[in-house]
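Step one of this worksheet: look at the structure below.
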Amino acid sequence: MKESAGLDWNHHKSTSDAAAHEIAEREAKQKSEQQTRDREACNRYVRNGLNRNVTVQFLIERLTSMGCPPPPGLIKCLDCGDKPAAGGFGVVEEISPISPSKPDGDVKGSRNDATKSDNACAQSQAEINALLKNQSDGEKKLRLLPEIFLCQQHLRDETHAHEAMVHELIHAVDMCRTKMDPMNNCIHMACTEIRAENLSGECNWIRELGNGRMDSFVGHGAKCVKRRAALSVKANPNCTDKADEYVEAAFERCFKDTFPFDRHPNLR
């Protein structure tokens, strides 16, 4: 009787393992299929933005006229995992300390090294933190390599994707027109985030109302821009502790700055 019970248990365990394996395979397949759908939708949004969205087209034209023509494939769709963002700008690139024989420094990481693959988010927070630590220890110097990525699984619809594209293109304009160093200068980062939040349309009153964040029509835009800009600045470990102060210090000047538009695009 005992031997029979043991055989029954082994059979039950084998059946359970097979069922668990089948479930895991099914979930992996569903995840892969969802990633494919997300990627296809995101790529469609990007194509439509480049071909139809007048604000996106205007910003790209201005970048070209400013001497910073966007390279092919500047805007990519990536799987950002759990990163709570619609997109991002730039890849942190590591440069060796300047030496007399190499006045411009020696680039240690290429774009492909930094991004790892076309299917993964550009860089994790842990990777950025490690690079910043190397810089603070005097081992390396860092620079921001212009690149725009959209987080394909976090885009609600095409409008959301186009707002994210405009947001990141504003950063590209700021990088082109100034010697901005957002990785190390927190006021620079606060300013470009304020401008990007303000000019992208991400703080429109309909969205704020739908999210339950608008207690008054008067001044809601400025409050939204400050809140969202501070969240972005806090993501930079160099700026986390005083993010709200940096945003406050840069706000008055940068909120009024509508370049390259002659006025706020929502008022055109």
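The values are calculated or read from the model by the stated rules, or taken from the named source; none is laboratory data. Worth saying up front: this structure is predicted, and the values here are computed from it rather than measured. Every residue, glycine as well, gets a Cβ built from its backbone with ideal geometry; the counts of neighbours run over all protein chains shown. We work out accessible area using only protein heavy atoms, side chains counted, and drop any ligands, DNA or RNA first. Shrake-Rupley method; radii C 1.70, N 1.55, O 1.52, S 1.80 Å.
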| field | Protein-only accessible surface order, largest first, of 44, 227 at 1.4 Å | value | 44, 227
| message | Could you put 45, 246 in order of accessible surface area, largest first, with the 1.4 Å probe and the full protein assembly present? | response | 246, 45
| said: Can you list residues from other chains, or at least 5 along the same chain, whose modelled amide H is less than 5 Å from the amide H of residue 204? | reply: none
| If the chain between residue 206 and residue 25 were fully stretched, how many nm would it gain, using 0.36 nm times the residue separation less the Cα-Cα distance? | 61.0 nm
| field | Members of 83/256; 29/83; 83/179; 179/226; 31/234; 234/256 lying beyond 26 Å, as alpha-carbon distances in this model show | value | 83/256; 83/179; 31/234
| task | Between residue 156 and residue 66, with labels modelled 7 Å along Cα→Cβ, what's the label distance in nm to one decimal, could you check? | result | 2.8 nm
| field | Probe 1.4 Å - accessible area at residue 149, Å² to nearest ten | value | 10 Å²
| field | Lys/Arg +1, Asp/Glu -1 at C-beta; the range 14-83 dipole; positive extreme among 19, 77, 35 | value | 77
